[in-house]
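Visitor: Here it is, the structure in full.
The values are calculated or read from the model by the stated rules, or taken from the named source; none is laboratory data. Given the structure is predicted, the values throughout are model-derived calculations rather than measurements. Glycine gets a Cβ as well: all are built from the backbone with ideal geometry, and neighbour counts include every protein chain shown. Please note that ligands, DNA and RNA were not included when accessible areas were found on the heavy atoms of the full protein model with its side chains. Shrake-Rupley method; radii C 1.70, N 1.55, O 1.52, S 1.80 Å.
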Amino acid sequence: MVIVRRAIPHYLRRRWSSNKGYLHVSGGYPKYGCYFSTDSSKENGASALNAKTKIPKKANVVVVGGGIIGTSVAYHLAKFGVEDVVLLERDKLTSGTTWHAAGLINTFGSLSSTSTFMRKYSKELYSKVLQEETGMDTGYLPVGFIELACDTDRLQYYRRVASFNRFCGIQVEELTPSQVREKFPLLAIEESNVLAGFYVPTDGRVNPYDATMALAKGARLYGATILEDTPITGITKSRTVSDESDILAALPRVTGVTLDSGETIEANVVVNCAGMWARQFGAKCGVDSIPNQAAEHYYLLTDSMPEVDPMWPVVEDSSRCTYIR
């Protein structure tokens, strides 16, 4: 664990030495290079399927990557009627960066109607739909979410966001600093350093591992195939157009993927959901322009704190790249 003082706002620093509770404080700044962990000890039920499921020779869609994004893509494709969807994970589901994600679910924060719709859809999916379809709990807790405005520019911007979000049907409340303290008493804030908080009481968090497992089960229930311990080494492609004057038509076409076992799966479409490794996988496939860069991420975990209520809301301070849950 790495603790970097600059990533933690001043109103939390005096709480670092407390050994009476549990808090998750996270913050980070983009860095070159990357940090990642892999935990292959989790049992998720999909490994047993590998022993029973042969690697198919053909697929309509191959999804590369078994994190929250890959399983979501497989789930939604299969649910909407796409047949022969195959998800390939190099290790175990969630073993990349998904397993230690924060799992924050917040509808507040966007001036885009499309983004706001997706946020509302995601909350409905994780809080209700997946459990109804699969019987699996995603660990969703509607603890609430507070976005802090710590300068006048952000205060003005978040008021615009709140107005638009209310128009989209999201219940957003503007809180005074004292009201923020009432909802999260450990925050040592004053009106001089926090101007307001924007609170959505029904937002919250999920367990990213449980959410991924629910998506994976849903994908299988709708007919998708999920294979773990199946690394991809690249793609196969071909040119089917002889007229080189038509640049777009002459571009290579994906025809499948190659596995480290030497086997090949023919596919009409290959979806790159490799997460932190998406850029490297894209480069292997001849696509060098994927705008994806890993970043270092610092987080602080406290000891158990009896005075901390686990149903306190998630607090985010974007001006200091920090959230607390």
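Visitor: Extent of the stretch 112-257 along each principal axis, from alpha carbon coordinates, in Å, largest to smallest?
Guide: 68, 45, 29
Visitor: For the pairs 217/284; 79/120; 58/237; 54/284; 92/128; 217/237, note any where the Cα-Cα span goes beyond 22 Å.
Guide: Too far apart for the 22 Å limit: 217/284; 54/284; 92/128; 217/237.
Visitor: Now, a different point. Residue 296's amide H: which non-local residues (gap 5+, or another chain) put their own amide H closer than 5 Å, with H modeled 1.01 Å from N in plane and none for Pro or chain starts?
Guide: Sorted by chain and number, the residues that satisfy this are 31.
Visitor: Is the stretch 257-307 best put as rounded, prolate or oblate by its Cα gyration tensor, with a ≥ b ≥ c the root eigenvalues, rounded for a/c under 1.5, and otherwise prolate when a/b is larger than b/c, oblate when not?
Guide: The shape class here is prolate.
Visitor: For the stretch 150-165, just list the computed ³J(HN,Hα) in residue order, Karplus coefficients 6.51, -1.76 and 1.60, θ = phi - 60°, integers in Hz, with x standing in for Gly and Pro.
Guide: So the Karplus estimates, Gly and Pro as x, are 10, 8, 5, 5, 5, 4, 5, 5, 5, 5, 5, 4, 4, 4, 5, 4 Hz.
Visitor: Also, I was wondering about something else. If we sort 102-109, 126-133 on the protection proxy, mean other Cβ atoms within 10 Å, highest first, what's the order?
Guide: Peptide ranking by packing, descending: 102-109, 126-133.
Visitor: Then there's this: Under a 1.4 angstrom probe, counting protein chains only, how are 312, 99 ranked by accessible area, largest first?
Guide: 99, 312
Visitor: What number comes out for the charge environment of residue 274, summing +1 per Lys or Arg and -1 per Asp or Glu over other residues with Cβ under 11 Å away?
Guide: Value of the local net charge: +2.
Visitor: Sticking with this one: Using only protein heavy atoms and a 1.4 Å probe, report how much of residue 222 is accessible, in Å² to the nearest 10.
Guide: 90
Visitor: Order of 289-295, 230-236, 153-159 by packing, highest average Cβ count within 10 Å first? Provide the component values of the computation, followed by the final result.
Guide: Numbers: 289-295: 12.3, 230-236: 17.9, 153-159: 15.6.
Packing proxy ranking, top to bottom: 230-236, 153-159, 289-295.
Visitor: Using DSSP to call loops (not H, G, I, E or B), can you name the GluC sites (Glu not before Pro) in the stretch 82-127 whose Cβ has at most 13 other Cβ atoms within 10 angstrom?
Guide: Values: sites: 83, 89, 124; in loops: 83, 89.
In loop regions of the stretch 82-127 (DSSP not H, G, I, E or B), the sparsely surrounded GluC sites (Glu not before Pro) are 83.
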